[in-house]
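Scroll down for the structure; my scribbles are underneath it.
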Amino acid sequence: MNLSYFKGNAVGVRAVSCKFPGAFDTDRHFRSYMGGTDYVTRIPYARWDHSAYYDADPESWRWAKTCSQHACFIEGVDLFDPKTFSLSVAESRSMDPHQRHILECGYDALVRMGMKRNTLMNSSGSVYVGHAF
């Protein structure tokens, strides 16, 4: 950062939390990444019936198909605990998996920062979220 152009309050990043395919936390991901681990697998039937979308033709994208049979997947997306966030089971089931993922990562980052649930109530702060799928 060029400080000659910086005007305003400094920002401090105190914690980061991420989930990656094959590695449930940030530390494990970076260790496996440095080791050259490849998490690309054949698309499991438990996710969806891929045969309905697969076509070996590389031009299959033109008719809403794919020529790839492989992808990376985050395991355990169904292991969300709604009680942690004071949600009912019905409400958590109706949520998009990305919403549950963001809640879990946000909470994990706060815990890594040393925050506890009772200290978070009535406190001020900011959380910046980025999500890719």
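Taking region 43-133 and the helices (runs of 4 or more DSSP H) fully enclosed by it, the elements with 2 or more residues that are under 22 Å from PHE20 (Cβ atoms) and not hydroxyl-bearing (Ser, Thr, Tyr) are at 97-112.
Filtered by the rule that a residue be under 22 Å from ASP25 (Cα atoms) and either more than 22 Å from the chain's Cα centre (by Cα) or surrounded by fewer than 13 Cβ atoms within 10 Å (Cβ to Cβ) (or both), region 45-74 gives ARG47, CYS72. The set of residues in region 12-42 being over 16 Å from the mean Cα position of the chain (by Cα) and part of a strand (DSSP E or B) consists of THR41, ARG42. Reported count of residues in region 75-84, each being surrounded by 15 or more Cβ atoms within 10 Å (Cβ to Cβ) and over 15 Å from the mean Cα position of the chain (by Cα), is 1.
Screening region 85-123 for residues that are small (Gly, Ala, Ser) and touching a Pro at 6+ places or on another chain (Cβ under 8 Å) and picking the one that is surrounded by the most Cβ atoms within 10 Å (Cβ to Cβ) gives SER92.
For every residue, the table says whether it meets (1) under 27 Å from VAL129 (Cβ atoms); (2) in contact with a Cys (Cβ under 9 Å, 6 or more places away or on another chain); (3) of a type in the set (D, E, K, R); (4) at pLDDT 85 or above.
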position	(1), (2), (3), (4)
ARG47	yes, no, yes, no
TYR53	no, no, no, yes
GLU59	no, yes, yes, yes
GLY76	yes, no, no, no
LEU79	yes, no, no, yes
SER88	yes, no, no, yes
ARG100	yes, no, yes, yes
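Of all the criteria given as (1) touching a residue at least 24 places away in the same chain (Cβ under 8 Å); (2) on the phi < 0 side of the Ramachandran plot; (3) not aromatic (Phe, Trp, Tyr), the one not satisfied by ASP81 is (1).
The values are calculated or read from the model by the stated rules, or taken from the named source; none is laboratory data. Model, not experiment: these values are computed from the prediction. Note that we place each Cβ from the backbone using ideal geometry, even for glycine, and neighbour counts take in every protein chain shown.
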